[in-house]
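K.L.:
Handing you a structure now.
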Amino acid sequence: MARINREFRKNKFASALFIDQLFSSRARRVAALLLNVFIIFPAFALLYKYIAENTTILPIPYVINSSVFAGMIYLALSLRFVEAGIDCFINSKTYDKNGDQAGKNFFARLNYYASEIIFYSLQESGNDPSAIIGAASKTKTGLAILLRIGFNQKEFQTLEENLNAEKIASTEQFLSSLSIAVKDGLCISAGHIFVSLYRQSEQFRTAVIKKNLSEDDLFEIASWAEKTSAKEDMDRRFWRWEVLGRVPGFARNLAYGEIYLLEEHARELREEAESEKHDLIGRAREIELLESALLKNEGANIVLIGEPGSGRHAVLSGLVKMISGGKIFPELEHKRVFELDAESLVASAKTKGEIEELIIRVFNEAVRAGNIILAIDNFPEFTRSLASFSISASELLGPYLGHSSIHIIALADKLGARRTLETEAGLMKFFEKVEIADLDQKTLTEILENITIEYETRSQNIILLTFAALKKISEGALNYLVEGGVIKRAIELIEETINEARLKNKIPAGEEIVLEILSRKTKMPLGEIKEDEKEKLLVLETLLEKRVINQKEATSKIAAAIRRARAGIRNTSRPIGSFLFLGPTGVGKTETAKTLAEVYFGNVDAMTRFDMSEYQGEDGLTRLTGSFEKNEPGILASRMKANPYGLLLFDEFEKANETVRNLFLQILDEGFFSDYTGSRINMRSAIIIATSNAGSELIWQMVQAGENQVELDKKISAHIREKKILSPELLNRFDAVVIFRPLASDALLKISRIMLQNLQERLKKQNFMLELSDPLITAVAQGGYDPSMGARPMQRFIQDKIEKIISEKIIKGEIAPGKTFSFSAEDLK
């Protein structure tokens, strides 16, 4: 152990950590404050005495002893210099937080945050690596890691006790295995320490897994905490050149023209303000495209397309940051970015002439200045506002759009871009189009890490989000919520999670709060599976079979898919479940869909039916997705925008136009499609069921021949492919192809009983008591069955025969409320 302590001295942060342990940063701040008091007050007293002795303004204070007060100042100044010297020494030692990557010594490779944890663990535990958790809790970064994992105070205490009881390797062995695990040429971070503990300690690994986190998540949490601590430390160092260099130079813009009118109708985007609002992670591609487009000699204008909240302003912020940091091409070095308030500009004038004059003056001023990049938010609305005054945007702005002394960045959403801008060929020829790309979950989570810190700070850091909660927020914003841009959706979820955690006094806020919020919004079962739901899921086949008769294969496949979705192991980039139901008419395909909607979404109204025979024509696709030429939204797109959660039943799917069927290749595989505006329509929170009567005759023949289920599945699927009813690619996209068998006589009796029981329940609510008998059930089964239509005519038979007789008898007064009545088979003839 003594050898380890000697080796640790080779760590570049060792001296700073040792001094900080003796004289902590908090103690230094308190000492500095007190010493400042002992310097300032005696100095004011001496100044007062000097003024009093040399003027007649103030009375002479005889109680002030100049020697004593001067001595106090000199002593306090000396101590203050010592304290400042210690601060300077520690600041210089910890400025670069990285370890020696090329170092041969293990301790030399530790970065600052890993060094802190190892230092305190060596001080406390000697040869016991289980003390790493306790040591981590004594450092700001280590404590943040533990909280982001999701450990509350009680769980942390239990973990410490379990680690102390657990016999793992000695400190020397632990550090040796850590050194081997981290490749040469890499710094060893706090993340490596926690991952190594995860691998070597069963107690710690079990505790982390209970928080629904993996080894990779653990490393990401540590990286997040380290980046946060590093940023706070750099922000504290106000004397850095990077900070002082941002102070605008005096008269730096005097080489360019005056822009008084522009400043009145626009605001300048500055790095200090914009970088606080927008995170630039994941937007490098768009920023590079923006920079490249602005380098053109003439017509260097861009239309930046993306939904509100998708990161359009973040891209602008990235451009501003590159200009301010001097990390841009020389041609753009001295540019200033202004955001024009186009709405107030148009509103400030009353007539066509006044608007034209004002816009011309503003743009002329920008051209004369020669270093202006003008951003116009909601550009399509701006052009429509001009059109309402009979002003052509292309004619008015054309001279400026082609000018080399001004650049214009137009911001637009996808709908506005397609409806307004793409129809203006004369205007769009001046612009280069840059579209904001969709974010994946990993990138979105990285963006949200910094945003989360901001919203936690607003709650006075009372509430802290765990990493598992942040992952669920990313997943929810991408896969469950659809209104607005994905970053906007995620930020709203962060706010709601923090507010709910505060109300429930949940510190830290875990993923269960996020799932509760998403479940309320989507009306889908999410989050922890409670006992009553667990029982229902385990007997889901039985629940389905109560209403779906004699279709065991169908109920088994559907139940298995729903359990996968509810257990959280489904592919979240696809719909919840997708099924192709094949079989004759009237065997329970639609009833199965209704039952599934009621079981999973809690309401049969969650099902929407589409008769695909209506989409056989060439216009079938545009009727579903929308028509740009007619400016008409599509039926399917509108349904999913209004309510993206539910069950979609596509009846007689094989009758749809081939272009419609091809659309489902993307829907079933990627969980989305694009509507006529180019907007992405989310289908990942829906269950999709397609039904078809294709192969019904063959199903009849094979069932009568006694074929088993495996052979039935193979031959029917082969028949569908051979006859080119559906393509093999489409068949393979479905989670399951379910074949419904023709109904046997015993199944007809069960269906008859269920339908009559439904009638019995409806009558009971009106206080009429219908008594059911086996002969009545048999008569309905026989009278309502049609071999070509299955059990579908049975409901009509009940309506035409039984309900007709009952309604007549109620009107005649032959059936009295509260009295039991019945029917015989003869009554139905």
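The values are calculated or read from the model by the stated rules, or taken from the named source; none is laboratory data. The structure displayed is predicted, hence computed values, not measured ones. For neighbour counting, all protein chains shown are included, and Cβ atoms are generated from backbone atoms with ideal geometry for every residue, glycine included. All accessible areas refer to the heavy atoms of the entire protein, side chains included, with ligands and DNA or RNA removed. Shrake-Rupley method; radii C 1.70, N 1.55, O 1.52, S 1.80 Å.
K.L.:
Quick one: is Ala70 part of a helix (DSSP H, G or I) and touching a Leu at 6+ places or on another chain (Cβ under 9 Å)?
P.N.:
yes
K.L.:
Confirm whether Ser573 is surrounded by fewer than 19 Cβ atoms within 10 Å (Cβ to Cβ) and either of a type outside the set (Ser, Thr, Tyr) or more than 24 Å from Gln666 (Cα to Cα) (or both).
P.N.:
no
Each row is one residue, and each column tells you yes or no for (1) in a helix (DSSP H, G or I); (2) touching a strand residue (DSSP E or B) at 6+ places or on another chain (Cβ under 6 Å); (3) more than 24 Å from Leu269 (Cα to Cα).
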| position | (1), (2), (3) |
| --- | --- |
| Glu354 | yes, no, yes |
| Arg361 | yes, no, no |
| Asn364 | yes, no, no |
| Ile373 | no, yes, no |
| Pro380 | yes, yes, no |
| His403 | no, no, no |
| Ala410 | no, yes, no |
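K.L.:
Within segment 181-191, is there a residue that is outside any helix (DSSP H, G or I), touching a Lys or Arg at 6+ places or on another chain (Cβ under 8 Å) and β-branched (Val, Ile, Thr)?
P.N.:
yes
K.L.:
What are the residues in segment 284-320 that are modelled with pLDDT of 80 or more, among the polar types (S, T, N, Q) and open to solvent by 60 Å² or more (accessible area, probe 1.4 Å), if any?
P.N.:
Once the filter is applied, which keeps residues that are modelled with pLDDT of 80 or more, among the polar types (S, T, N, Q) and open to solvent by 60 Å² or more (accessible area, probe 1.4 Å), segment 284-320 yields only Ser292.
K.L.:
Going by the conditions given, is Ala102 farther than 30 Å from Ala31 by Cα and surrounded by 14 or more Cβ atoms within 10 Å (Cβ to Cβ)?
P.N.:
Answer is no for this residue.
K.L.:
Taking the criterion of being in contact with a Pro (Cβ under 8 Å, 6 or more places away or on another chain) and farther than 26 Å from Thr228 by Cα, would at least one residue in segment 485-508 satisfy it?
P.N.:
No - not one qualifying residue is present in segment 485-508.
Each row is one residue, and each column tells you yes or no for (1) at pLDDT 85 or above; (2) in contact with a Lys or Arg (Cβ under 7 Å, 6 or more places away or on another chain).
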{"site": "Ser15", "(1), (2)": "yes, yes"}
{"site": "Phe23", "(1), (2)": "yes, no"}
{"site": "Phe41", "(1), (2)": "yes, no"}
{"site": "Phe44", "(1), (2)": "yes, no"}
{"site": "Tyr48", "(1), (2)": "no, no"}
{"site": "Thr56", "(1), (2)": "no, no"}
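K.L.:
Considering only segment 418-452, state which residues are touching a Phe, Trp or Tyr at 6+ places or on another chain (Cβ under 8 Å) and open to solvent by 60 Å² or more (accessible area, probe 1.4 Å).
P.N.:
Arg418
K.L.:
Another question about this same structure. Under the condition of being without any contact (Cβ under 8 Å) to a residue 60 or more places away in the chain, in a loop (DSSP other than H, G, I, E, B) and not small (Gly, Ala, Ser), which residue from segment 430-463 is nearest to Glu291 (Cα to Cα)?
P.N.:
Asp440
K.L.:
Answer yes or no: is there a residue in segment 602-620 that is among the hydroxyl-bearing types (Ser, Thr, Tyr) and either touching a Cys at 6+ places or on another chain (Cβ under 7 Å) or farther than 28 Å from Pro728 by Cα (or both).
P.N.:
no
K.L.:
Can you find a residue that is more than 19 Å from Leu33 (Cα to Cα), among the charged types (D, E, K, R) and open to solvent by 30 Å² or more (accessible area, probe 1.4 Å) anywhere in segment 66-82?
P.N.:
Within segment 66-82, not a single residue is more than 19 Å from Leu33 (Cα to Cα), among the charged types (D, E, K, R) and open to solvent by 30 Å² or more (accessible area, probe 1.4 Å).
K.L.:
Quickly run through segment 321-344 and pick out the residues that are at pLDDT below 85 and not small (Gly, Ala, Ser).
P.N.:
Lys321, Met322, Ile323, Lys327, Ile328, Phe329, Pro330, Glu331, Leu332, Glu333, His334, Glu343
K.L.:
Of the conditions (1) under 26 Å from the mean Cα position of the chain (by Cα); (2) without any contact (Cβ under 8 Å) to a residue 60 or more places away in the chain; (3) within 23 Å of Ala561 (Cβ to Cβ), Asp675 clears all except one; give me its number.
P.N.:
Answer for Asp675: the failing condition is (3).
K.L.:
What's the number of the condition Leu415 fails, among (1) among the hydrophobic types (A, V, I, L, M, F, W, C); (2) under 26 Å from Gly485 (Cβ atoms); (3) surrounded by 20 or more Cβ atoms within 10 Å (Cβ to Cβ)?
P.N.:
Every listed condition holds for Leu415 apart from (3).
K.L.:
Among the candidates Ile408, Ile376, which residue alone is modelled with pLDDT of 90 or more, more than 31 Å from the chain's Cα centre (by Cα) and closer than 25 Å to Arg336 by Cβ?
P.N.:
Exactly one residue qualifies, and that residue is Ile408.
K.L.:
Please identify the pairs in which a residue from segment 118-130 that is crowded, with 21+ Cβ neighbours inside 10 Å has its Cβ atom under 6 Å from the Cβ atom of a residue that is modelled with pLDDT of 65 or more and not in a helix (DSSP H, G or I), counting only partners at least 6 apart or on another chain.
P.N.:
From residues that are crowded, with 21+ Cβ neighbours inside 10 Å, the pairs are Tyr120/Lys138.
K.L.:
Within segment 809-829, track down each residue that is among the acidic types (Asp, Glu) and open to solvent by less than 80 Å² (accessible area, probe 1.4 Å).
P.N.:
Listed by number, the list holds a single entry, Asp827.
K.L.:
In segment 487-525, which residue that is in contact (Cβ under 8 Å) with a residue 40 or more places away in the chain and over 23 Å from Thr457 (Cβ atoms) is most open to solvent (accessible area, probe 1.4 Å)?
P.N.:
So the residue we want is Lys523.
K.L.:
Of the conditions (1) open to solvent by less than 30 Å² (accessible area, probe 1.4 Å); (2) among the hydrophobic types (A, V, I, L, M, F, W, C); (3) within 19 Å of Glu424 (Cβ to Cβ), Ile373 clears all except one; give me its number.
P.N.:
All conditions pass for Ile373, except number (3).
Every residue, every condition in (1) of a type outside the set (Val, Ile, Thr); (2) touching a helix residue (DSSP H, G or I) at 6+ places or on another chain (Cβ under 6 Å); (3) farther than 25 Å from Gly586 by Cα; (4) open to solvent by 40 Å² or more (accessible area, probe 1.4 Å), yes or no:
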{"site": "Asn643", "(1), (2), (3), (4)": "yes, no, yes, yes"}
{"site": "Leu647", "(1), (2), (3), (4)": "yes, yes, no, no"}
{"site": "Ser679", "(1), (2), (3), (4)": "yes, yes, yes, no"}
{"site": "Glu707", "(1), (2), (3), (4)": "yes, no, no, yes"}
{"site": "Ala736", "(1), (2), (3), (4)": "yes, yes, no, no"}
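K.L.:
Select, from Leu159, Leu146, the only residue that is open to solvent by less than 60 Å² (accessible area, probe 1.4 Å), more than 28 Å from Glu7 (Cβ to Cβ) and either touching a residue at least 40 places away in the same chain (Cβ under 8 Å) or part of a helix (DSSP H, G or I) (or both).
P.N.:
Answer to the check: Leu159.
K.L.:
Taking helices (runs of 4 or more DSSP H) that fall entirely within segment 570-669, which contain at least 2 residues that are more than 27 Å from the chain's Cα centre (by Cα) and not β-branched (Val, Ile, Thr)?
P.N.:
Output list reads 589-601, 620-625.
K.L.:
Pairs only if they're at least six apart or on different chains, beta carbon under 6 angstrom, first in segment 527-551 and free of Cβ contacts under 8 Å to residues at least 12 places away in the same chain, second open to solvent by less than 60 Å² (accessible area, probe 1.4 Å); list them, first residue then second.
P.N.:
Glu545/Thr555
To keep it simple, each residue is scored yes or no on (1) crowded, with 19+ Cβ neighbours inside 10 Å; (2) touching a Lys or Arg at 6+ places or on another chain (Cβ under 7 Å); (3) modelled with pLDDT under 85; (4) over 22 Å from Thr659 (Cβ atoms).
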{"position": "Thr691", "(1), (2), (3), (4)": "yes, yes, no, no"}
{"position": "Gly695", "(1), (2), (3), (4)": "yes, no, yes, yes"}
{"position": "Gln701", "(1), (2), (3), (4)": "no, no, yes, yes"}
{"position": "Gln704", "(1), (2), (3), (4)": "no, no, yes, yes"}
{"position": "Glu729", "(1), (2), (3), (4)": "no, no, no, no"}
{"position": "Arg741", "(1), (2), (3), (4)": "yes, no, yes, yes"}
{"position": "Ile754", "(1), (2), (3), (4)": "no, yes, yes, yes"}
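K.L.:
Do you know which residues across segment 486-530 are under 11 Å from Leu465 (Cα atoms), part of a loop (DSSP other than H, G, I, E, B) and of a type outside the set (Lys, Arg)?
P.N.:
Across segment 486-530, the qualifying residues are Ile507, Pro508, Gly510.
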